[in-house]
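Heads up: the structure comes next, in structure tokens.
The values are calculated or read from the model by the stated rules, or taken from the named source; none is laboratory data. Keep in mind that this is a model prediction, so the values were computed, not measured. Here the Cβ positions follow ideal geometry from the backbone for every residue, glycine too, while neighbour counts run over all protein chains shown.
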């Protein structure tokens with residue numbers, strides 16, 4: 001075991017927080033802006049919306065409640081069916097349940113890992129009201145195909161872009177390609193506020209409904225008057241101060257991630273692994289480096305993860321198919337989702353990763369698999 005392995009653990013992801021974040025948070029504290037009131041929330045919302053090439057941003061306490069808020073504001077109600085990918089983080093389906101809707105699962109496209117449009121078509125019923133397109137692991141879904149289906153059947157289309165800050169679909173940023181885009185700022189995302197979320201949209205009426213529901217359903221013109229039942233889903237000014245700094249550093253953060261992914265692609269070439277897609281019409285956010293063991297691999301994905309862990313390298317499994325989780329309990333097969341979940345691992349990908357660390361990971365994988 002090398003000296004490096006003994007003294008240093010390589011984590012799956014760590015946020016890159018610097019002087020600008022500290023400056024803004026310190027300023028907010030000195031001003032007494034520590035709750036959801038103050039200019040930092042407004043500045044962050046505007047800056048992130050601009051970054052996503054959308055007109056409006058609505059900040060929230062986290063990405064899950066952002067998705068729930070969108071569904072509530074769009075009128076998803078008891079028994080409404082919402083089509084979601086079988087392979088994504090469980091929050092996508094849970095938010096539908098929280099809105100009293102019914103998540104209906106569709107398999108993903110093996111080429112881009114977004115919803116398979118043809119499988120989506122087969123899932124549509126008279127009760128279908130919306131489609132949630134997830135940009136899985138930072139790669140955009142095929143939004144033109146999904147938009148055409150939504151328009152044909154008069155369905156709402158929402159983007160779950162929690163993992164895809166900065167990704168582009170045919171030259172356009174995700175988050176502005178549908179009725180609303182939803183983002184997470186959890187600590188392992190490219191941009192972070194620790195916790196926190198954001199909804200981007202070009203729909204002013206939807207923004208007004210979401211802002212009312214976000215703050216206990218308060219009438220914006222009459223203090224302490226609540227004409228509807230709402231939620232406390234607001235982001236704090238301290239989170240927004242960090243987020244504003246992160247948006248202002250977006251180009252720097254993206255460049256770091258691109259270098260990390262380029263190093264991985266060079267270092268893992270020729271191994272019995274497949275890496276995540278990046279199609280000609282897409283620019284990935286490069287959130288999490290994904291590797292799938294193929295039929296030539298001497299180890300399964302869990303075995304490879306265990307071997308890397310023994311060398312101080314933290315990894316993650318892929319998300320399991322949501323319909324097979326206990327709360328959903330489906331026995332239906334989703335072949336593409338199942339295959340990726342079985343064979344995939346996430347490698348260290350955070351912006352604090354040094355290129356020497358990436359090389360160390362690649363060399364470790366090479367030793368293990370050859």
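Numbers at a glance
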quantity: Any chance residue 242 is within 21 Å of residue 172 (Cβ to Cβ) and in a helix (DSSP H, G or I); calculated: no
quantity: Unique residue being in the same structural domain as residue 28 (by TED's automatic domain parsing), surrounded by 15 or more Cβ atoms within 10 Å (Cβ to Cβ) and under 18 Å from the mean Cα position of the chain (by Cα) when the list is 207, 174; calculated: 174
quantity: Every pair of residues 6+ apart whose Cβ atoms lie under 7 Å, when the first sits in segment 69-83 and is farther than 13 Å from residue 132 by Cα while the second is modelled with pLDDT of 95 or more and in a helix (DSSP H, G or I); calculated: 69/210; 69/213; 69/214; 72/213; 73/206; 73/209; 73/210; 73/213
quantity: Count - residues of segment 343-363 that are in contact with a strand residue (DSSP E or B) (Cβ under 9 Å, 6 or more places away or on another chain) and surrounded by fewer than 19 Cβ atoms within 10 Å (Cβ to Cβ); calculated: 0
quantity: Residue in segment 13-41 that is farthest from residue 252 (Cα to Cα), counting only those that are surrounded by 18 or more Cβ atoms within 10 Å (Cβ to Cβ) and out of contact with any helix residue (DSSP H, G or I) (no Cβ under 8 Å at 6 or more places or on another chain); calculated: 13
quantity: Residue check, residue 321 surrounded by 21 or more Cβ atoms within 10 Å (Cβ to Cβ) and either over 17 Å from the mean Cα position of the chain (by Cα) or touching a residue at least 24 places away in the same chain (Cβ under 8 Å) (or both); calculated: yes
quantity: Residues (part of a helix (DSSP H, G or I) and over 21 Å from the mean Cα position of the chain (by Cα)) located in segment 66-107; calculated: none
quantity: Given (1) buried (at least 20 other Cβ atoms within 10 Å of the Cβ); (2) free of Cβ contacts under 8 Å to residues at least 60 places away in the same chain; (3) on the phi > 0 side of the Ramachandran plot, index of the condition residue 131 fails; calculated: (3)
quantity: Tally of residues being closer than 21 Å to residue 181 by Cβ and either part of a loop (DSSP other than H, G, I, E, B) or outside the structural domain of residue 77 (by TED's automatic domain parsing) (or both) across segment 108-140; calculated: 8
quantity: Flag for residue 187 being assigned by TED's automatic domain parsing to the domain that holds residue 155 and surrounded by fewer than 17 Cβ atoms within 10 Å (Cβ to Cβ); calculated: yes
quantity: Residue 49 vs. criteria within 23 Å of residue 115 (Cβ to Cβ) and part of a helix (DSSP H, G or I); calculated: no
quantity: Residues located in segment 25-63, provided they are within 25 Å of the chain's Cα centre (by Cα), more than 21 Å from residue 177 (Cβ to Cβ) and at pLDDT 95 or above; calculated: 25, 40, 41, 42, 43, 44, 61, 62
quantity: Unique residue being at positive phi, at pLDDT 95 or above, touching a strand residue (DSSP E or B) at 6+ places or on another chain (Cβ under 8 Å) and surrounded by 15 or more Cβ atoms within 10 Å (Cβ to Cβ) when the list is 181, 196, 230; calculated: 196
